[in-house]
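Single-structure report; data block below.
The values are calculated or read from the model by the stated rules, or taken from the named source; none is laboratory data. Because the structure is predicted, anything quoted here is derived from the model rather than measured. When we count neighbours, we look across all protein chains shown, and the Cβ atoms used for this are built from the backbone with ideal geometry, even at glycine.
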Amino acid sequence: MPGIIVENISKRYDAVTALTDVSITVDNGEFMVMLGPSGCGKTTLLRCIAGLEQAHTGTVHLGQRCVYSAFAGIDVPPRERRIGMVFQNFALYPHMTVAENVSFGLRIRHVNKKQAETIVREAIRVVDLEGFEKRKPRHLSGGQQQRVALARAIAANPEYLLFDEPLSNLDPKLRGMLCAQLKRIHRAIGATSVYVTHDQAEAMVLADRIAVLQNGRVAQIGSGKRIYRFPETAYVAEFTGNPKTNILKGEIRRGEDDVFFIPDADPYCVIPVTDELAGLDGRYIILHVRPEDVEVVKKPTAGEGHLSVLAVDEGASGFAHLRLGDQLAQVLTRTGPGKRLSVSRGQIVGVRFARGNVYEPESGEIIGSFGYGPDELGRLDESRWALQL
Ligand code: ATP
């Protein structure tokens, strides 16, 4: 059942085109994350859904109800859309207690006192702030203040919750904790939610599905896993690198026994890939490989690409930077969370690309993926991702 349907929304601000023909359907009860860099149109889209901004074309439906149609001249006011919003700047009333802040909207709507008390108690319980009811905002941490803002939104019993980078003012540790709490809270209240962020790690934790935006257009919509594994464009692959991923231009060559990738950055470094790429023999492409899919061989033979280790991150991430040609081009690798690669600076290692994606060099559109078992491709029900031999 649809929760929020945005169809063919375009929006301009004078000379700036903020959104171009955006269509997104958020299922009932789903948690959809809009992910993209600053200026890609995330906030504008959220404001169009809320009714705070009017698109030049397109429609917005909330459930069965059309709340906006540029063509038919329908524009239901924000307060009649049953929407709750939580922003980056949580703007609590400083002179009011937590309970008063949460009940503010109910008082304005003249909800009777007993009923309001029950609603406020429940909202405060959901965000885990019992015992803080009588405190003023200045006596709360940033994370607690943001939870008050969330409780205030929940208290209005919205069918739809919209979040605009609500955690971006908080420190990383608090952000991680609140992320997990938000997920739990969403499960408890079940409101159809749209959450805007530029932080892909946050998106991966929170989302049922992610919509990646690029220059006011939808680049891809899918589960976090699908977007991470099968990015439909080189842009999506790069944007979802955490903190970085490998995007290299070069040529595919079929050898006698193996298939190789010859990177532009170092034509003497011939890196083996899987046989599925044999069909692309002689083709110039963009290759994308996640760091954990770069296989490192410590005692390399002639069959592997030889690269020297530039730098090793000894911290939890376990990344190693491998030199490819000049120092600007690098291959990033790691074994996986918590495991060490145990390589040192200056060491020569062998490299193979175990799995990844291939894109057209001009458009950045996907050609296909390699190194995935039939299981993974099958589960995703996307046979078109497998490269034809
Ligand atoms: P951020 O993450 O920085 O908030 P965003 O992805 O939410 O960015 P928007 O705020 O939606 O992006 O802005 C999209 C584009 O529209 C930007 O180029 C921005 O400069 C422009 N824009 C947004 N609001 C206005 C406005 N009121 N007047 C003029 N241009 C605007």
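Working carefully through the options L178, L150, L162, find the one that is within 16 Å of the ligand (Cβ to nearest atom) and either aliphatic (A, V, I, L, M) or not assigned by TED's automatic domain parsing to the domain that holds D208 (or both). Of L178, L150, L162, the one residue that is within 16 Å of the ligand (Cβ to nearest atom) and either aliphatic (A, V, I, L, M) or not assigned by TED's automatic domain parsing to the domain that holds D208 (or both) is L162.
With respect to the conditions (1) outside any strand (DSSP E or B); (2) of a type in the set (A, V, I, L, M, F, W, C); (3) under 27 Å from G41 (Cα atoms), A116 falls short on a single one, namely (3).
Which residue, of R226, R209, R254, R184, is modelled with pLDDT of 95 or more and surrounded by fewer than 21 Cβ atoms within 10 Å (Cβ to Cβ)? Give the derivation first.
Working: R226 fails: modelled with pLDDT of 95 or more; R254 fails: modelled with pLDDT of 95 or more; R184 fails: modelled with pLDDT of 95 or more.
Just one listed residue meets the conditions, R209.
Restricting the first member to segment 31-44 and to residues that are farther than 22 Å from A180 by Cβ, and the second to residues that are among the hydroxyl-bearing types (S, T, Y) and near the ligand (Cβ under 6 Å from one of its atoms), the beta-carbon pairs closer than 9 Å and six or more apart or on different chains are T44/Y13.
Residue by residue, here is whether (1) in a strand (DSSP E or B); (2) out of contact with any strand residue (DSSP E or B) (no Cβ under 8 Å at 6 or more places or on another chain); (3) modelled with pLDDT of 85 or more; (4) closer than 17 Å to V259 by Cα holds:
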| site | (1), (2), (3), (4) |
| --- | --- |
| L287 | yes, no, yes, yes |
| H306 | yes, no, yes, yes |
| L310 | yes, no, yes, no |
| S317 | no, yes, no, no |
| L322 | yes, no, yes, no |
| G325 | no, no, no, no |
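Would you check if there is a residue in segment 373-380 being at pLDDT 85 or above, of a type in the set (A, V, I, L, M, F, W, C) and assigned by TED's automatic domain parsing to the domain that holds S308? No, that holds for no residue. In segment 1-22, the residue that is nearest to the ligand (Cβ to nearest atom) out of those that are closer than 18 Å to G51 by Cβ and small (G, A, S) is A18.
Tally time: how many residues in segment 23-48 are of a type in the set (D, E, K, R) and away from the ligand (no atom under 15 Å from the Cβ)?
Taking segment 23-48 and keeping what is of a type in the set (D, E, K, R), we get 27, 30, 42, 47.
Restricting the remaining residues to those that are away from the ligand (no atom under 15 Å from the Cβ) gives 27, 30.
Selection size over segment 23-48: 2.
Would it be correct to say that H95 is assigned to a loop (DSSP other than H, G, I, E, B) and away from the ligand (no atom under 16 Å from the Cβ)? First the steps, then the outcome.
Numbers: assigned to a loop (DSSP other than H, G, I, E, B): yes; away from the ligand (no atom under 16 Å from the Cβ): yes.
For H95, the condition - assigned to a loop (DSSP other than H, G, I, E, B) and away from the ligand (no atom under 16 Å from the Cβ) - is met.
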